[in-house]
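The values are calculated or read from the model by the stated rules, or taken from the named source; none is laboratory data. Computed from a predicted model, the values in this text were never measured in an experiment. Because the Cβ atoms are built from the backbone with ideal geometry, glycine has one as well, and the counts that use them run over all protein chains shown. SASA here: full protein model, heavy atoms, side chains in, ligands and nucleic acids out. Shrake-Rupley method; radii C 1.70, N 1.55, O 1.52, S 1.80 Å.
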Amino acid sequence: MRRIHDIEEWRHYTDEQRRGGRNIGLVTTMGALHEGHASLFEAAKKNGDLVVATIFVNPRQFGDARDLDRYPRTPELDAKIAEEHGVDCLVEPSLEQMWPQYPGPTLTTVSVRGLGDVLEGEGRPGHFDGVASVVAKLFALNGPSRAYFGEKDFQQVVVIRQMVRDLALPVEVVALPIVRDHDGLALSSRNVLLSEDARRRALGLSRALRDVQSSPRRASEMRTRMRSVMEEAGVEVSYADVVDPFTLQACADEERGPRRAMVAGVVGGVRLIDNAPVEIVSRGR
Ligand code: AMP
């Protein structure tokens, strides 16, 4: 596995590979790799792509300095995991190259209005501007490619798809299902920050989703139900919503059909998110 730290070397490498006939599969990450990330590497490999993974803990998407400071960083273990799961090239750009003006503001920001300021965006203002801006830059450096994202960050997928459409970026976005632990907890780099007790309480998120998946209800009933399952488990609820999977707008009780249940909450000082597809019915039971 090749390791690159310089962004111009990266650009040169992918250009050359494309000239040699390879399609590039890009997986952007913040490191502390786990089976969720590995599933994206493997999907890219299965599609026959040359697999390029990036690790960059992007400070512009963290509102909270403490959250950024304690974000887990395990570069050498990451390199091992990446190689084991078929990554051909691991790119670890420096902060100086990605955001030369940091901590000053960049002059150019990509902002996806409407999609980036609801749900996660509401509680974390500026978060999706940071995400969209860094992903746009990573896409520019990597060049034409397929980019693999996890539905774990469902809102992120919706935001990135919109950005790609609006800016006509030469990238095909592929979204893949959430990888979970044996007990249902969605894998996340932040899970290592959970104490034993907090991890037990964190199961409230996936339990709430399973609960509303198993029996069709009206949207308003789903919201109430998810909130109470999470609260019972000891999760400090940030939101529990049922939304249109394309517009992310909260859906009304009269609507029916496939929608997305989205939950977020804090346990033991760690913020977690999860989501699942749900079917709403216009009449509750
Ligand atoms: P992150 O390193 O958390 O920024 O995640 C990098 C990519 O891995 C994103 O596309 C995430 O959605 C994806 N990812 C993270 N956790 C999971 C998971 N449990 N299942 C599937 N994809 C995941």
### Query
Label 7 Å along Cα→Cβ of Arg18; the range 112-151 residues with amide nitrogen under 16 Å?
136-148
### Summary
Counting only protein heavy atoms and rolling a 1.4 Å probe, one gets per residue an accessible area for the chain in Å² of 46 Å²
#### Entry: Shape of the range 2-176, Cα gyration tensor, a/c cut at 1.5
rounded
### Query
What 222 nm value per residue comes from the helices of the chain, counting each DSSP H run with n ≥ 4 as -39,500 (n - 2.57) and dividing by all residues, nearest 500 deg cm²/dmol?
-12000 deg cm²/dmol
### Task
Kindly work out what percent of the DSSP beta bridges joining two residues of the chain are antiparallel, to the nearest 5.
50 percent
### Mean-position separation - Cα centroids, the range 11-55 and the range 155-218, in angstrom
21 Å
### Query
How many percent of the alpha carbon pairs in the range 150-263 exceed a separation of 17 Å?
61 percent
### Message
Using amide H atoms built in the peptide plane, which far-off residues or other-chain residues are under 5 Å from Ala32 H to H?
### Response
Thr74
### Task
Name the residues whose placed amide hydrogens come within less than 5 Å of the amide hydrogen of Asn23, ignoring near sequence neighbours (fewer than 5 apart) on the same chain.
Leu50
### Task
Would you mind getting me the FRET efficiency between Thr109 and Arg11? Use the beta-carbon distance for r and R0 = 22 Å, nearest 0.05.
0.50
### Query
Given H placed on each backbone N at 1.01 Å, which residues far from Ile4 in sequence or on other chains put an amide H within less than 5 Å of it?
Leu90, Val91, Glu92
### Query
Once you wrap a convex hull around the alpha carbon atoms of the range 36-100, what is its projected area averaged over all directions, in nm²?
5.1 nm²
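Ignoring ligands, DNA and RNA, how do Thr108, Thr28, Thr14, Thr247 rank by accessible area with a 1.4 Å probe, largest first?
Thr108, Thr247, Thr28, Thr14
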### Task
May I ask you to derive the FRET efficiency for Ala65 and Val266 from their Cβ-Cβ distance with R0 = 25 Å, giving the value to the nearest 0.05?
0.90
### Task
For helix 7-19, report the angle its Cα long axis makes with the longest principal axis of the Cα atoms of the chain; keep it between 0 and 90° and round to the nearest 10°.
90 degrees
### Message
Just to check I understand the Karplus step: with θ = phi - 60° and J = 6.51 cos²θ - 1.76 cosθ + 1.60, what whole-Hz values come out for the range 178-192, glycine and proline as x?
### Response
6, 8, 10, 6, 4, 9, x, 4, 5, 5, 7, 4, 6, 4, 5
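What ranking do 181-190, 80-89 get when scored by the average of other Cβ atoms within 10 Å per residue, highest first?
The most tightly packed comes first, giving 80-89, 181-190.
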### Message
List residues of the range 178-219, by number, whose backbone nitrogen lies under 20 Å from a label position 7 Å along Cα→C-beta of Lys46.
### Response
178-182, 186-188
### Task
State the extension gain, in nm to one decimal, for the chain segment bounded by Glu84 and Arg2, taking 0.36 nm per residue of separation less the distance between their alpha-carbons.
28.2 nm
### Query
How much length is gained if the chain between Arg200 and Leu77 is pulled fully straight, taking 0.36 nm per residue apart and subtracting their Cα-Cα distance, in nm to one decimal?
41.7 nm
## Note on the structure
Given a Förster distance of 30 Å, the FRET efficiency implied by the Cβ-Cβ spacing of Ala168 and Glu236, rounded to the nearest 0.05, works out to 0.15
